[in-house]
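The structure appears right after this line, and notes come after that.
We did not get these values from a lab; they are worked out from the coordinates using the rules stated. For clarity, every value in this text was computed on a predicted model and none was experimentally measured. When we count neighbours, we look across all protein chains shown, and the Cβ atoms used for this are built from the backbone with ideal geometry, even at glycine.
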Amino acid sequence: EPLITIKDIGRKYVIGAETIHALKSVSLTINKGEFVALMGPSGSGKSTLMNILGCLDTPTKGDYILNGTNVSHMTDNELADVRNKEIGFVFQTFNLLPRNTALDNVALPLIYAGVNKVNRQERAKHALENVGLGNRIDHKPNELSGGQRQRVAVARALINDPSIILADEPTGNLDTKTSIEIMGLMEDIHAKGNTIILVTHEEDIAMHAHRIVRMRDGLVENDYPNPNIQRVQ
Ligand code: ADP
Ligand code: ADP
C-alpha cells in the first residue's frame, strides 16, 4: 500500500476577481521509503503541493490519502493532529527557537506528543547523537554553524518517528560543502527506511534523491527515477 496517494488534486486561490490555479491536476503515488526531489520553476506550484502534502493546507479538488486516511476534507484541528503524528518538517531557514538549546529544540515535538520530561531529554539527546551533535546539546542556535543548525532541525524532524520528512530547500542557506554534508545526512536517513520529499531548484542537490518530479504551471511535467542512482529495490 502506498504511503501517499494524491488523485487529481487541484488548489486554486481566489483573490478578488482573479482566480489562480496554483495546482491544476496533480496525481502522484509515493511509496514508503522513497526519496523524491520536487523541482520546477518559481510559481510552478511546489510550495502549494508541499503545503498540501504536509497537511498545512487542503486541496480545493481531488483527494489526498496519507497512510490510508483521506485527509482532503479534514478540519484544521484534525490536520494538526495528522501533522504532529505523520510529518517531520525541515526548512531552509532552520526555524529553531533562538533562546532554547539544541536539546530543547529537538525535544519540542515530544511535548505535544505528551512524552514526560526525562524521556524527552533522553530521546532528544539520542537524536542529536545520531546527527553527529552529541557534543553540542547545550548550545543555542547562534552558537552553532549553519550546518549544525540544520542538523538540529533534522533531528527535530525525526524525533517523533514521522511517516514522511518534508524538506523545503534544506540547503538553500548553506555553502556548497555544508550542503553536501546535509545531503549526506539525508541519504543516511533515507537508508534507514525513511520517506523523504525534498524541494530544491538545484540539480546537484536533486541528484541525491532517487526519483525526480518536475512541475510546471500547476502540473507534473515529468516524473522519473534518478538515472545517476543504482536502484536496489
Ligand atoms: P513555487 O513554490 O513552485 O514557487 P507556489 O506554489 O508558491 O509555487 O505558487 C504557485 C502559484 O500559486 C503562483 O502563481 C503563486 O503566485 C500562487 N500562490 C501561491 N500561494 C498563494 C496564496 N496563498 N494566495 C494566492 N496565490 C498563491
Ligand atoms: P517559496 O519561495 O518557498 O516558493 P513563496 O515566496 O512563493 O515561497 O511563498 C511564501 C508564502 O507566500 C507561502 O506561504 C505562499 O503560499 C504564499 N504566497 C505565494 N505566492 C502568493 C501570492 N501570489 N499571494 C499570496 N500569497 C502567496
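Listed values, structure above:
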item	result
Segment Asp161-Asp204, extension gain: residue separation times 0.36 nm, minus the distance between their alpha carbons	12.7 nm
Restricting segment 53-162 to chymotrypsin sites (Phe, Trp or Tyr not before Pro) in coil, as DSSP defines it, with at most 16 other Cβ within 10 Å	none
Stretchable slack from Glu187 to Asp175, in nm (0.36 nm times residue separation minus alpha-carbon distance)	2.5 nm
Radius 12 Å from Cβ of Leu3, net charge of other residues (Lys, Arg +1; Asp, Glu -1)	-2
Total formal charge among the other residues, if their Cβ is under 13 angstrom from that of Lys117, Lys/Arg +1 and Asp/Glu -1	+1
Phi-based couplings in Hz for segment 138-143 (Karplus 6.51, -1.76, 1.60; Gly and Pro marked x)	9, 7, 8, x, 6, 9
Gain on full stretching of the segment that runs from Ser42 to Ser145 - 0.36 nm per residue minus C-alpha separation	34.2 nm
Charge dipole (the chain, unit charges on Cβ, about Cα centre) - positive-most of Phe89, Thr195, Leu133	Leu133
Summed side-chain charge close to Gln92 - residues other than Gln92 whose Cβ falls under 13 Å, Lys, Arg +1, Asp, Glu -1	-1
Longest exposed-site-free window of the chain, the sites being trypsin sites (Lys or Arg not before Pro) in a DSSP loop that have at most 16 other C-beta atoms within 10 Å	100-191
Simple Cβ-charge dipole of segment 99-177, Lys/Arg +1 and Asp/Glu -1, about Cα centre, in debye nearest 20	220
Interchain or long-range residues, amide H under 5 Å from Leu219's placed H	Lys24
Cβ-placed point charges (K, R +1; D, E -1), dipole of the chain about Cα centre in debye, nearest 20	320
Nearest-20 debye value, segment 4-78 charge dipole, Cβ charges on Lys, Arg, Asp, Glu	220
Label-point separation, Arg99 to Lys24 (7 Å along Cα→Cβ), nm	4.9
Near-label residues of segment 90-109 by backbone N, under 15 Å of a point 7 Å along Cα→Cβ of Asn84	107-109
Close Lys-Lys pairs in the chain, where close means Cα under 17 Å and separation is 8 or more or interchain	13
Simple label model, 7 Å out from Cα along Cβ direction - Met74 to Tyr224, nm	3.5
